Amino acid sequence: MNDLSLMTARELGKYIKGKQLSPVELTKHMLQRIRQMDGTLRTYITPLEELAIIQAKDAENKIMKGEYLGPLHGIGVGIKDNKFTKGIRTTDGSKLFADFFPSESATVVNKLLHGGVIMLGKQNMHELAAGSTGTNPFFGTTRNPWNLEYMPGGSSGGGTASLAAGLATLATGSDTFGSIRLPASMCGVYGLKPTYGLVSTFRVFPSAWSLDTVGPMARSVGDLAIMLQVMAGYDPNDPAILRVPLPNYSEAIHNDIKGIKIGIPTYYVKGLDEDIAMLFRRAVVQLQYLGAEVKELEIPELEMSTFSGYLTVGSEAAAFHNEWLKTHPEDYSPDIRSFFLAGSLMEGRKYVQAQQARRRMVQAFEKAFQEVDMLLGPTIPIKTPKFQANWVKQNLDVVKRTLPFTVPVNLTGVPALAVPMGIDSNGLPAGMQFIGRHLSEQQLLQVGNAWEQLNPLQFKLRAETDNKTL
Amino acid sequence: MGEFLIKNNLQAQGFPVIESDLVFIKDILLTVQKAEQPLANAPYLNMEVPITVVDKELLK
């Protein structure tokens, strides 16, 4: 058996189901690793050692009695700390909620628990899920396991860093303007932002109601599929939930991708860092090698994304935080407080214009999906940055650079799968995103799995970028 | 919007103002202002029905 901490849930699940691996032993192994490494990495705000052992013993008892619940049974999961957990501190990464103990759990947490997961702990995040670097002055800044001087991304950076370091087998994220995809790319793991309304957001701290989604993060596409199967589905408590039949997300995952039509919006190849441009070009060639048909597309409506994204996130977040910004301004970091206060100054008329622009973008995507099966672009245009001393300015600058690439998916409600595409010249991962039509998760996972078989983290650029002919 | 007006508008809404925030707020608003330019290339945007979260409570 390989190193338990770096095996996928699918691999571990076979051993657990076959009673060759004890969930208690697995959980103890993971908790020990968290104790050893998380003082530096800070991927957890609240580890749940005692609860995890209780849950693992319960899983073991059930499995020994033949009551196997499915592929997540006995698997250790990190829960992003914006999801309510009954009786367990839930901070949203914020000093405002440092002592908040919810009386009920988020629907998605309950679904995972019914699937038999072990909750390893509540995971660190960029404060209030409103930033993209992973800094957190209140609970400690998460470090990128690939190089501690670099950011893990955010806001779900605790989860993606824990996956990269083997401190969780699976992790839950949320994505309002890139918070699953961006840190997945910076940490070299996989993350799925589902169709808006596919996964319940009930009792998940809101960031911007009309954009918020909850999704899975993992070290393999196969693990995303089994996780999404458990997380998705109707919830009467969520007014924005979809009532749709769920396909078997794992069923077609091993199909090849010959003939799949992939469109690259020209919007997504402008202003790229040189490394990102080279890695992306190489990825496109590899996808063609796998049999995909690739073409460029003009989608000029995407140029409205930055305006629409800032207006929507800023205004909705400002509405949620209105009273706390007046009574507890010192409980916010300067970057987050400034973002929300700027939102308080945005005009209602412009918020409505932003929603009108969103409809144009939805229409433009629908038109594009008449020509191609999915779209592709780098997840973000920049290399993973090193932490800078002026972190407030850096946080706002990283949002400014990355939001135009991540937020179109949120504005239009479509799903996107972030996958690693290679290693940049600093030795840090970079990622790209497959964007599908509404409810096309099954196809995205199929393409993502085919891509994963190429072992994308083998694609390395040297610091001197000596291969400029790519 | 300059820092003076930002401060005035925030105070008018009852927000305590931290002086060191003003430069960041100004930069965000400037980003939004610049990002508004592509809307000029979207004719009759005002005729579009805005995206809304259509809520079951509304449809009862």
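Quick notes
- The residues packed around A:K295, meaning those with a beta-carbon under 12 Å from its beta-carbon, carry a net charge of -4 if Lys and Arg are +1 and Asp and Glu are -1.
- Partners of A:K111 within straight-line reach, counting lysines whose Cα lies under 23 Å from its Cα and excluding those fewer than 8 residues away in the same chain: A:K14, A:K17, A:K57, A:K62, A:K65, A:K80, A:K83, A:K86, A:K122, A:K193, B:K56.
- Separation of the stretch A:249-300 from the stretch A:1-25 is 34 Å, based on Cα centroids.
- Cut-off 15 Å between beta-carbons: net charge of the residues surrounding A:Q388, Lys and Arg +1, Asp and Glu -1: +3
- For A:I45, the residues whose modelled amide H falls within less than 5 Å of its own, excluding neighbours fewer than 5 places apart on the same chain, are A:K122, A:Q123, A:N124.
- Near A:G431, the amide H atoms lying under 5 Å from its own belong to A:T379, A:I380, A:M421; only residues 5 or more places off or on other chains count, and H is placed 1.01 Å from N.
- DSSP-defined antiparallel bridges as percent of all bridges, the protein assembly as shown, nearest 5: 65 percent
- Separation of the stretch A:309-384 and the stretch A:99-175, taken as the distance between their Cα centroids, equals 21 angstrom.
- Cα gyration tensor, chain A - rounded (a/c under 1.5), prolate or oblate: rounded
- Cα centroid separation, the stretch A:389-428 to the stretch B:7-60: 21 Å.
- About the Cα centre, charge dipole magnitude for the stretch A:56-105 (Lys/Arg +1, Asp/Glu -1 at Cβ), debye: 40 debye
- Packing-based order for A:107-113, A:120-126, B:1-7, using average beta carbon neighbours within 10 Å, highest first: A:120-126, A:107-113, B:1-7
- DSSP-assigned coil residues among chymotrypsin sites (Phe, Trp or Tyr not before Pro) in the stretch A:250-336, each with at most 14 further Cβ atoms within 10 Å: none
- For the stretch B:3-58, a/c is not less than 1.5, where a ≥ b ≥ c are the root eigenvalues of the C-alpha gyration tensor, and a/b does not top b/c. That puts it in the oblate class.
- A:K19 paired with B:V49, simple spin-label distance in nm, labels 7 Å along Cα-to-beta-carbon: 5.9 nm
- Per-residue mean of foreign Cβ neighbours for A:350-358 is 5 (Cβ atoms of other chains, 10 Å radius).
- Restriction of the GluC sites (Glu not before Pro) in the stretch A:297-362 to DSSP coil positions whose beta-carbon has at most 14 other beta-carbons within 10 angstrom yields A:E298, A:E347.
- Dividing the summed helix terms, -39500 (n - 2.57) for each DSSP H run of n ≥ 4, by the number of residues in chain A produces a 222 nm estimate of -13000 deg cm²/dmol to the nearest 500.
- Straight-line reach from A:K19: taking Cα to Cα under 15 Å and skipping same-chain neighbours fewer than 8 places apart, the aspartates and glutamates in range are A:E11, A:D58, A:E60, A:E67.
Since every read-out is calculated from the coordinates, none of them should be taken as a lab result. All of these numbers come straight from a predicted model, not from anything done at the bench. A quick note on method: Cβ atoms are made from the backbone with ideal geometry, for glycine too, and the neighbour counts reach across all protein chains shown.
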